[in-house]
1. Please state which of the following conditions R65 fails to meet, knowing it meets all the rest: (1) closer than 24 Å to S103 by Cβ; (2) not in a helix (DSSP H, G or I).
2. Please find, among E104, E51, the residue that is modelled with pLDDT of 90 or more and of a type in the set (D, E).
3. Looking at segment 69-94 only, could you name the residues that are in a helix (DSSP H, G or I) and either among the β-branched types (V, I, T) or modelled with pLDDT under 85 (or both)?
4. Return a yes/no flag: does segment 40-55 have any residue that is closer than 21 Å to D18 by Cβ, touching a residue at least 40 places away in the same chain (Cβ under 8 Å) and not in a loop (DSSP other than H, G, I, E, B).
5. Say whether the condition of being out of contact with any strand residue (DSSP E or B) (no Cβ under 7 Å at 6 or more places or on another chain) and small (G, A, S) is met by at least one residue in segment 70-87.
6. Take the residues of segment 46-82 that are of a type outside the set (A, V, I, L, M) and in contact with a Gly (Cβ under 7 Å, 6 or more places away or on another chain): which is surrounded by the fewest Cβ atoms within 10 Å (Cβ to Cβ)?
7. Just one of the numbered conditions (1) over 14 Å from the mean Cα position of the chain (by Cα); (2) free of Cβ contacts under 8 Å to residues at least 12 places away in the same chain; (3) closer than 17 Å to A25 by Cβ is not true of R66; which one?
8. Would you confirm whether or not segment 68-80 contains a residue that is touching a Pro at 6+ places or on another chain (Cβ under 8 Å), β-branched (V, I, T) and within 17 Å of A11 (Cα to Cα)?
Amino acid sequence: MIEASMVDEDAIIRITEDRLDAVNAPSLWADVESRVSGSPRRLFLDLSSVELIDTSGLGILEKLRRKMSQNAPLVLTGVQPKVQRLLDILGSLDAFRTYPSSSEAAVAN
């Protein structure tokens, strides 16, 4: 479901599923939460494989954003057009920093 790595003090988590929905959101949350418990400086969440997101997936992103804002910023990378459009329609896009890739985000932050 995820691939995770650390680069310097930054956590990079790539969601490998094409959907972030009620079916996989709980296990995704458990996986991601265990990876960020070490308080990374920043968290880059790579959504380049995610084509569809529902309210459960949005809830996980918001929950993760709140958790990270206590310690470090959450940065979304590789956001696909359908997902970006949904975030924009719901007014959630402004709550996240977004970049085309993790490498571009690392340079910009």
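The values are calculated or read from the model by the stated rules, or taken from the named source; none is laboratory data. Fair warning: this is a prediction, and the values are worked out from it, not measured in the lab. Every residue, glycine among them, receives a Cβ derived from its backbone with ideal geometry; neighbour counts consider all protein chains shown.
1. (2)
2. E51
3. Selection gives S69, V83, I89, L93, D94.
4. Looking through segment 40-55, at least one residue is closer than 21 Å to D18 by Cβ, touching a residue at least 40 places away in the same chain (Cβ under 8 Å) and not in a loop (DSSP other than H, G, I, E, B).
5. The answer is no, given that none of the residues of segment 70-87 is out of contact with any strand residue (DSSP E or B) (no Cβ under 7 Å at 6 or more places or on another chain) and small (G, A, S).
6. S48
7. Just one mismatch for R66, condition (1).
8. yes
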